[in-house]
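Enquirer: Attaching a single structure in structure tokens format; questions to follow.
The values are calculated or read from the model by the stated rules, or taken from the named source; none is laboratory data. Since this is a predicted model, take the numbers as computed values, not measurements. So basically every Cβ, Gly included, is an ideal-geometry build from the backbone, and we count neighbours across all protein chains shown. To get the accessible areas, we keep the full protein, side chains included, count just its heavy atoms, and leave off ligands, DNA and RNA. Shrake-Rupley method; radii C 1.70, N 1.55, O 1.52, S 1.80 Å.
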Amino acid sequence: MFGDQALALIVESKRSSQTDTLYKYNDLLVRNVQLEIRTLQSDLQKTVGPDINVLTPSQQVLCASTMYHIAIRRNKRCLLAYHAHRLERLKQLYWSVGGALPHILTDPEIRSKLSPHEVDFLRSYNSSISDIRNEVLDVLDLAQGIAVPPKDMRVNVVVVKECGTVQTESGTFAFKLGQRYQAARSHVEHLIVQGYLEVVP
């Protein structure tokens, strides 16, 4: 039936939103929908072909061409919605790690779910954000994902993921897994956002 595979892409996107999970890019289904669009366009041309120059085509040709045209448009809308949803998920993922693109691309679990075009999108998006970030860095750090303003300038943190030695404005920290440290929030905020450190009371 026309549109079944396109509908499957929409169902997958909805399921991804409901479970807050990025699924693997469904290349096979996308290609099948594209093939269906080409087949429908070919059928539409065959249907309209003999009557292309007729000002008032027959009712049969008019109905068939309308059905093909609507099916083509619906499949295209479903493809666009699927890809728009994935791009929004990628943007959310990018900001959830504080704009650290290498953190995303070196994670084999995430990388295996991306298509090559999505990797190109992330690189381009990161480049655009970096350009904007460089212009306003002296005033604002866009990568700081602070939803609630901090109450203190210093913060107690515990290392939850190995990150090695880190050079900050207040000195060098040799972060060891499970150890607690106190540092200026602004110096370790990027590590908190990326998940290496966790704020503790």
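Enquirer: Calculate, in nm to one decimal, what TRP95 and ASP152 gain on full extension: separation in residues at 0.36 nm each, minus their alpha carbon distance. Display every interim value, and only then the final one.
Expert: Working: separation 57, 0.36 × 57 = 20.52 nm, distance 2.36 nm.
The TRP95-ASP152 span can extend by a further 18.2 nm.
Enquirer: Let me ask you something else. Could you look at the chain and say what percent of its accessible area is carbon and sulfur, using a 1.4 Å probe and all protein chains? All intermediate terms of the calculation are to be shown ahead of the outcome.
Expert: On the way: 7270 of 12850 Å².
Taking all protein chains in place, the chain shows 57 percent carbon and sulfur surface.
Enquirer: Which of the GluC sites (Glu not before Pro) across the range 157-189 are loop residues per DSSP, with 13 or fewer other Cβ within 10 Å?
Expert: When the GluC sites (Glu not before Pro) of the range 157-189 are filtered for loop state and at most 13 Cβ neighbours within 10 Å, GLU162, GLU169 remain.
Enquirer: Long-range amide H contacts for ARG154: which residues qualify at under 5 Å (H placed 1.01 Å from N, peptide plane, sequence gap of 5 or more or a different chain)?
Expert: Excluding prolines and chain starts, which carry no amide H, the hits are ARG185.
Enquirer: At 1.4 Å probe size, with every protein chain present, just tell me what the per residue accessible area of the range 1-115 comes to in Å².
Expert: Details: 7150 Å² over 115 residues.
About 62 Å² of surface per residue is accessible.
Enquirer: If you don't mind, another one. Starting from the Cα of LYS46, draw a straight line to each of the aspartates and glutamates and keep only those under 17 Å, dropping any in the same chain fewer than 8 residues away.
Expert: GLU36
Enquirer: Explain nothing, just the number: relative contact order of the chain, from Cα pairs under 8 Å at least 6 residues apart, as a whole percent. Don't skip to the answer; put the middle values down first.
Expert: Details: 188 pairs, mean separation 36.6, N = 201.
So the answer I get is 18 percent.
Enquirer: I've got another one for you. Cross-link candidates for LYS14: which lysines have Cα within less than 24 Å, leaving aside residues fewer than 8 places away along the same chain?
Expert: LYS24, LYS76, LYS91, LYS113
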